[in-house]
Amino acid sequence: MTRRLGYILLLTTAILAWRLLPAKSPHLMANDCRSCHLVQGEITPSNASRLLASQEKLCKDCHPKAMTASHPTGFSPGRGLPENFPLDWKGELTCSTCHSVHDERAGLMRTSLRGRDYCQSCHESAFFDAMADGGTTLVSSGHLVPDLATLVEAGTIDDFSFQCMTCHADEQGSLAVSINAAGVINHSSGGSNHPVGSDYQQISLGGGYRPVSLLPSYIALPQGRLSCVSCHIAYGDTHGKLVSSNDGSQLCFSCHDL
């Protein structure tokens with residue numbers, strides 16, 4: 001397992017290095033500006049703030065998996081942010097708060113800072129210090145990278161769960177998890193064990209599960225499969241917390257119809 005994780009991390013480093021190479025042209029500038037901007041006449045920096053839809057929806061057209069497990073957007077932070085991290089015209093945090101969408105640099109980041117230093121442009125150090133892992137699982141990137149599993153043999157596990165395991169399989173104590181041969185996640189904390197990687201639509205046909213169309217919006221099924229991020233929030237005030245309360249098995253009954 002250790003050797004395999006080392007191989008995975010090496011591949012991850014190679015991917016990130018490739019993504020930092022200079023881009024050939026500014027992002028999206030070859031597109032028709034009106035595919036995103038709501039403007040009559042000439043589009044200028046002063047009138048380009050209104051968009052045809054939310055940034056989440058527009059960005060999702062090209063980055064469909066990026067919204068599954070990423071830094072939250074579409075909300076008002078309730079406080080001022082540094083000047084180079086702009087909010088939208090509604091005062092809400094968007095993809096453009098962290099990314100300069102028409103930049104020519106790969107990654108389109110607002111500053112040259114990276115990792116924890118980048119996050120602490122807005123977040124206090126205490127925000128991460130209060131987390132069980134000191135924020136290690138959050139500060140490496142604002143997104144889980146959903147294409148990593150295409151580079152290695154990962155069986156039926158979904159891409160997001162696979163990346164979660166690149167860190168949590170190496171963790172000690174209550175943060176450690178493992179996956180057995182049947183695709184069941186074992187939580188060393190003593191929490192409920194659960195399968196990942198199963199095609200939800202297929203297993204729901206056998207009865208005892210709610211149809212996909214009736215699942216709450218907070219249940220994510222990347223690639224249509226049960227995943228770590230179906231139950232856990234990757235990015236939020238508390239990394240790894242449940243997507244909803246499980247008092248009275250509420251979260252369980254979001255999917256199970258028993």
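Looking at the structure I just gave you, is residue 1 modelled with pLDDT under 75 and either open to solvent by less than 50 Å² (accessible area, probe 1.4 Å) or not polar (S, T, N, Q) (or both)?
yes
State which residue is nearest to residue 239 (Cα to Cα) when the search covers only segment 59-80 and only residues that are open to solvent by 60 Å² or more (accessible area, probe 1.4 Å) and in contact (Cβ under 8 Å) with a residue 40 or more places away in the chain.
Out of the qualifying residues, it is 71.
Restricting the search to segment 84-93, which residues are more than 18 Å from the chain's Cα centre (by Cα) and either within 15 Å of residue 57 (Cα to Cα) or open to solvent by 40 Å² or more (accessible area, probe 1.4 Å) (or both)?
Correct list: 84, 86, 87, 88, 89, 90, 92.
Within segment 245-258, which residues are more than 19 Å from residue 200 (Cα to Cα) and under 21 Å from the mean Cα position of the chain (by Cα)?
245 - this is the single residue of segment 245-258 that is more than 19 Å from residue 200 (Cα to Cα) and under 21 Å from the mean Cα position of the chain (by Cα).
Under 23 Å from residue 28 (Cβ atoms) and open to solvent by 30 Å² or more (accessible area, probe 1.4 Å): does that describe residue 96?
It is false that residue 96 is under 23 Å from residue 28 (Cβ atoms) and open to solvent by 30 Å² or more (accessible area, probe 1.4 Å).
Return only the number of the condition from (1) crowded, with 17+ Cβ neighbours inside 10 Å; (2) assigned to a helix (DSSP H, G or I); (3) modelled with pLDDT of 80 or more that residue 163 does not satisfy.
(3)
State the number of residues belonging to segment 48-65 that are part of a loop (DSSP other than H, G, I, E, B) and in contact with a Cys (Cβ under 7 Å, 6 or more places away or on another chain).
Of the residues in segment 48-65, 1 are part of a loop (DSSP other than H, G, I, E, B) and in contact with a Cys (Cβ under 7 Å, 6 or more places away or on another chain).
Could you tell me whether residue 154 is touching a helix residue (DSSP H, G or I) at 6+ places or on another chain (Cβ under 8 Å), assigned to a loop (DSSP other than H, G, I, E, B), modelled with pLDDT of 85 or more and open to solvent by less than 60 Å² (accessible area, probe 1.4 Å)?
no
Of all residues in segment 99-120 being touching a residue at least 60 places away in the same chain (Cβ under 8 Å) and open to solvent by less than 70 Å² (accessible area, probe 1.4 Å), which is nearest to residue 138 (Cα to Cα)?
For segment 99-120, the residue satisfying everything is 107.
What helices (runs of 4 or more DSSP H) lie completely within segment 179-258 and have 3 or more residues being open to solvent by 30 Å² or more (accessible area, probe 1.4 Å)?
Where helices (runs of 4 or more DSSP H) fall fully within segment 179-258 and carry at least 3 residues being open to solvent by 30 Å² or more (accessible area, probe 1.4 Å), they are 200-204.
Going through segment 45-89 one residue at a time, which ones are hydrophobic (A, V, I, L, M, F, W, C) and under 24 Å from residue 123 (Cβ atoms)?
59, 66, 67, 69, 75, 81, 85, 87, 89, listed by residue number.
In segment 121-136, which residue that is in contact with a helix residue (DSSP H, G or I) (Cβ under 8 Å, 6 or more places away or on another chain) and in a loop (DSSP other than H, G, I, E, B) is surrounded by the most Cβ atoms within 10 Å (Cβ to Cβ)?
Across segment 121-136, the extreme among qualifying residues is 135.
The values are calculated or read from the model by the stated rules, or taken from the named source; none is laboratory data. Not measured: the values here are computed from a predicted model. Note that we place each Cβ from the backbone using ideal geometry, even for glycine, and neighbour counts take in every protein chain shown. Quick note on the areas: whole protein, heavy atoms, side chains included, nothing else; ligands and nucleic acids left out. Shrake-Rupley method; radii C 1.70, N 1.55, O 1.52, S 1.80 Å.
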